[in-house]
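Encoded as structure tokens, the structure appears first; notes follow it.
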Amino acid sequence: MKSAHLLSADDLSKQDALELLATAKELAAITDGPNKKLPTLRGKTVVNLFFEDSTRTRISFETAAKRLSADVINFSAKGSSVSKGESLKDTAQTLQAMGADAVVIRHESSGAAKRLADSKWIQATVINAGDGTHEHPTQALLDAFTIKQHLRSKDSDLSGVKVLIVGDILHSRVARSNVILLTKLGAKVVLVAPPTLFPVGVENWPVDISYDLDKEIPKCDVIMMLRIQQERMANSFFPTEREYSRRYGLNSYRLSKLSKSSIVMHPGPMNRGLEISADSADDIKSVIIDQVRNGVAVRMAVLYQLLGGAPIGAAND
Amino acid sequence: MIKIRNVNLVDGSIVNVEIDQGLVKAISKSTGKDNFDGIDGAGKILMPGLVDLHTHLREPGREDSETVLTGSESAVAGGFTAISAMANTNPVADTAGVVEQIYRLGKNAGICDVNPIGAVTKGLKGEQLSEIGAMAESIANVRIFSDDGNCVADPLIMRRALEYVKTYNGIIAQHAQDPRLTLNAQMNEGVISAKIGLAGWPAVAEEAIIARDILLTDHVQSRLHICHVTTAGGVELVRWAKQRGIQVTAEVTPHHLLLTDDLVENYDPIYKVNPPLRTEKDVMALRQGLAEGVIDIVATDHAPHSAEHKDCEWQSAAFGMVGLETALSVVIKTMIETKLMTWAELSDRMSIRPALIAGYKNQGQKIVEGSAANLVLVDPNSHWTVDRHNLKSKSKNNPFDKMELPGVISEVIYNGNLVVQNGKQTSLGLGHND
């Protein structure tokens, strides 16, 4: 990888991404064994700096770092001085003084990870674990990994795979990162949402857009449902929860229209009964649990590559 | 007595100028090689001092980011002999007491005119008119009223304000921003905001208010000034209004004449400003509008913020840029070097017309015998490199840092006295730290 940080899916070349996915696959094979732990990042300190609640992402990074034998510090905005108004700068300088080698940052402000990496506040490697409505690059990596696992052979990219991403594109960092990464890997991406949930300017993205889920469903290999936040309704992005669910939710009828080999994805946490029905989430086509599992392997690969660990398979003491 | 020899006026004539007792006492034709004691104006341009109708001075309330004195120093360093203090201080300039305080602080600083702008509504809340009459009749003699920072969004309040100021031949300076269309807005809405995931500030939120207020102004036959127009559509609306004879004037900031929204891509809050940086197409339309005079004037929207308000993540950062000291150079770069405007037109847009709009008596006067000696002498052929840490302003949030810009100010004369000489502030303004 050329970049010292992972802030955007755009930091990765196609080659970088394929290498990361290959590394993740190797790491997954090792940690699926009886001894889940590798010594590669022993002595390194990884800080999970979470300004926003996200138990799932945090424990995924924590597990990944621990399996590589790094020391992990969880720093959450709640219960720390951040809630009393400490700035990002002061927090960063504190972590620098404590000798953090990598900072995994989740922040409600778009660009917070980039600010941290560009500033002189801290020297550590910065990994974006979700910044506002901007990006969530490790989510895109784990999604690509999961798609590859189910639909493509070992060495290939995602050429020819057609991916539907459905829901709140406007506010979704998962969508932004996936559009960049999946198209880079050769996939064809179609975004589906009501017009209110597309950003102005989306016409410049390398994707097709559609307002009609039923038209797109039979033609895809992957359908990725995005979480709908409750507060969107209050701001008139759509009339009611039920109308959204009827027009853009994945239900058993739409599930039946999917092609035989297609898969159903969701970055979690799900609103069962809103964007995805319970039977869709639990269907045999659903790979949502695989996404969670693969998240650990992919994040291990990212930490491993960025923190320059010893070669995989070195003396496993 | 100050003498300037062999200096160019904006009409192209080369003259010798004598200044005495606050006035231009004599002007005589120069051979171009006259030699007498005084200031050598050869190769330089003498203009009436610049006049800014949109300055945030932060005093009272945020003296850590700017005071009336430091703002005045910044102004004269930029060639301004009159500035207009926006009302969004703390307390808000919505009473005769506060505007008189600011006026007095300006007099104490004593190096340029400081004209307070009064709030349109009490506390800038947009609900109830402030005591416009009391401010107009105060020592500060307020004529411009603005809730700048906030839009007077309620159309009925706006209508009443436009009507009410007619008694005093006042003018409402509107910050055109529909608040509902700009909920949590962070930057121009477009290709860049879609990519980097910042909430958009659409052009229509500005244009909808401009259109509405033009129609209201026509209906009640009053005067409207549009602060910091930033969009191509806004220029079109003002052009339309002027063609119909509606009494509307408009301003553009130096930063909107030069910078575009792609600068936001690295999330550096130095580029965070309200209204936001727009696209190349808007910048070109603004330049064209200014050249034609559809946009009447340049105004700085000088907005000082202390370091901690910019040294943070984008969303937490304050909106605004300081610009008094770079305004003239940016206008030379964008309007003179591009051959869109002449020096006479620059002087018109940055001095004569703003003084006319605001009714500032001794400012923006054509340089003739007997005119007020508020003057700026600029070397148009020299360049300088902006170092934001060397600015006179107490705040350093200037977006042109490290840029090489044309136009070096050597002398500024205020009320017949040199306040800047050889590019340095004279002792005149120093020591008034009360």
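Can you tell me which residues in the range A:147-182 are over 24 Å from A:Ile228 (Cβ atoms) and either assigned to a helix (DSSP H, G or I) or of a type outside the set (A, V, I, L, M, F, W, C) (or both)?
Within the range A:147-182, A:Lys148, A:Gln149, A:His150, A:Leu151, A:Arg152, A:Ser153, A:Lys154, A:Asp155, A:Ser156, A:Asp157, A:Ser159, A:Gly160 qualify.
Taking the range A:1-31 on its own, how many of its residues are closer than 19 Å to A:Gln139 by Cα and in a loop (DSSP other than H, G, I, E, B)?
Residues flagged as closer than 19 Å to A:Gln139 by Cα and in a loop (DSSP other than H, G, I, E, B) within the range A:1-31 amount to 8.
State whether one or more residues within the range A:154-161 are over 27 Å from A:Leu306 (Cα atoms) and within 14 Å of chain B (Cβ to nearest Cβ).
No; the residues of the range A:154-161 include none that is over 27 Å from A:Leu306 (Cα atoms) and within 14 Å of chain B (Cβ to nearest Cβ).
Please state which of the following conditions B:Leu216 fails to meet, knowing it meets all the rest: (1) buried (at least 24 other Cβ atoms within 10 Å of the Cβ); (2) away from every other protein chain (no Cβ under 14 Å).
Failed condition: (1).
Just to confirm my filter: which helices (runs of 4 or more DSSP H) fall fully inside the range A:32-127 and include at least 3 residues that are surrounded by fewer than 18 Cβ atoms within 10 Å (Cβ to Cβ)?
Where helices (runs of 4 or more DSSP H) fall fully within the range A:32-127 and carry at least 3 residues being surrounded by fewer than 18 Cβ atoms within 10 Å (Cβ to Cβ), they are A:55-67, A:88-97.
Here's a check for you: in the range A:128-150, which residue that is of a type in the set (Ser, Thr, Tyr) and more than 10 Å from every other protein chain (Cβ to nearest Cβ) is surrounded by the most Cβ atoms within 10 Å (Cβ to Cβ)?
Ranking the qualifying residues of the range A:128-150, first place goes to A:Thr138.
Taking the residues in the range B:260-276 that are assigned to a loop (DSSP other than H, G, I, E, B) and more than 17 Å from the chain's Cα centre (by Cα) as candidates, determine which candidate is nearest to B:Val238 (Cα to Cα).
Residue satisfying both the conditions and the ranking: B:Thr260.
So which residues in the range A:189-233 are among the small types (Gly, Ala, Ser) and in contact (Cβ under 8 Å) with a residue 24 or more places away in the chain, if there are any at all?
Passing the criteria: only A:Ala193.
Please find, within the range A:178-237, the residue that is nearest to A:Ile165 (Cα to Cα) out of those that are small (Gly, Ala, Ser) and away from chain B (no Cβ under 14 Å).
This residue is A:Ser210.
Report whether or not B:Asp178 is part of a helix (DSSP H, G or I) and either in the same structural domain as B:Pro91 (by TED's automatic domain parsing) or within 21 Å of the chain's Cα centre (by Cα) (or both).
no
Please return the ranges of helices (runs of 4 or more DSSP H) entirely within the range B:58-150 where 1 or more residues are closer than 17 Å to B:Pro304 by Cβ.
Qualifying helices (runs of 4 or more DSSP H): B:68-77, B:96-109.
If B:Arg239 meets every condition in (1) under 22 Å from B:Glu127 (Cα atoms); (2) part of a helix (DSSP H, G or I) apart from one, which number is that one?
All conditions pass for B:Arg239, except number (1).
Can you confirm whether B:Ser84 is more than 23 Å from B:Ile367 (Cα to Cα) and assigned by TED's automatic domain parsing to the domain that holds B:His175?
It is false that B:Ser84 is more than 23 Å from B:Ile367 (Cα to Cα) and assigned by TED's automatic domain parsing to the domain that holds B:His175.
Failed condition for A:Pro194, given (1) crowded, with 22+ Cβ neighbours inside 10 Å; (2) out of contact with any strand residue (DSSP E or B) (no Cβ under 8 Å at 6 or more places or on another chain), with all others met?
All conditions are met except number (1).
Out of all the residues in the range B:31-40, which are within 33 Å of the chain's Cα centre (by Cα) and either modelled with pLDDT under 90 or farther than 16 Å from B:Leu377 by Cα (or both)?
Passing the criteria: none in range.
Residues are listed down the side, and each one gets a yes or a no for (1) over 22 Å from A:Ile147 (Cα atoms); (2) over 22 Å from the mean Cα position of the chain (by Cα); (3) in the same structural domain as A:Asp168 (by TED's automatic domain parsing); (4) not in a loop (DSSP other than H, G, I, E, B):
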{"position": "A:Arg232", "(1), (2), (3), (4)": "yes, no, yes, yes"}
{"position": "A:Ser236", "(1), (2), (3), (4)": "yes, yes, yes, no"}
{"position": "A:Pro239", "(1), (2), (3), (4)": "yes, yes, yes, no"}
{"position": "A:Ser245", "(1), (2), (3), (4)": "yes, yes, yes, yes"}
{"position": "A:Ser259", "(1), (2), (3), (4)": "no, yes, yes, no"}
{"position": "A:Val264", "(1), (2), (3), (4)": "no, no, yes, yes"}
{"position": "A:Pro269", "(1), (2), (3), (4)": "no, no, yes, no"}
{"position": "A:Leu274", "(1), (2), (3), (4)": "yes, no, yes, no"}
{"position": "A:Asp279", "(1), (2), (3), (4)": "no, yes, yes, yes"}
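I'd like to check something: does the range B:285-297 contain any residue that is surrounded by 22 or more Cβ atoms within 10 Å (Cβ to Cβ), more than 15 Å from the chain's Cα centre (by Cα) and at pLDDT below 95?
No, the range B:285-297 contains no residue that is surrounded by 22 or more Cβ atoms within 10 Å (Cβ to Cβ), more than 15 Å from the chain's Cα centre (by Cα) and at pLDDT below 95.
Taking the options A:Ser252, A:Ser262, name whichever one is under 13 Å from A:Val222 (Cα atoms) and in contact with an Asp or Glu (Cβ under 9 Å, 6 or more places away or on another chain).
One residue alone meets the criteria, A:Ser262.
Return yes when B:Gly359 is in contact (Cβ under 8 Å) with a residue 24 or more places away in the chain, surrounded by fewer than 24 Cβ atoms within 10 Å (Cβ to Cβ) and under 28 Å from B:Gly118 (Cα atoms) and no when it is not.
yes
Those residues that are of a type in the set (Val, Ile, Thr) and touching a residue at least 60 places away in the same chain (Cβ under 8 Å), I need them from the range A:24-54; list them, please.
Listed by number, the residues that qualify are A:Ile30, A:Thr31, A:Thr40, A:Val46, A:Val47.
Restricting the range B:149-164 to residues that are under 22 Å from B:Thr89 (Cα atoms) and crowded, with 24+ Cβ neighbours inside 10 Å, which is farthest from the other protein chains (Cβ to nearest Cβ)?
B:Ala161
Can you tell me which residue is surrounded by the most Cβ atoms within 10 Å (Cβ to Cβ) among those in the range B:182-208 that are within 8 Å of another protein chain (Cβ to nearest Cβ) and small (Gly, Ala, Ser)?
B:Ser193
Please find, within the range A:81-106, the residue that is farthest from the other protein chains (Cβ to nearest Cβ) out of those that are closer than 26 Å to A:Ala24 by Cα and out of contact with any helix residue (DSSP H, G or I) (no Cβ under 7 Å at 6 or more places or on another chain).
Checking each candidate, the answer is A:Asp101.
The values are calculated or read from the model by the stated rules, or taken from the named source; none is laboratory data. Treat the numbers as computed from the prediction; the structure is a model and nothing was measured. Reconstructed Cβ throughout: ideal geometry from the backbone, glycine too, with neighbour counts over all protein chains shown.
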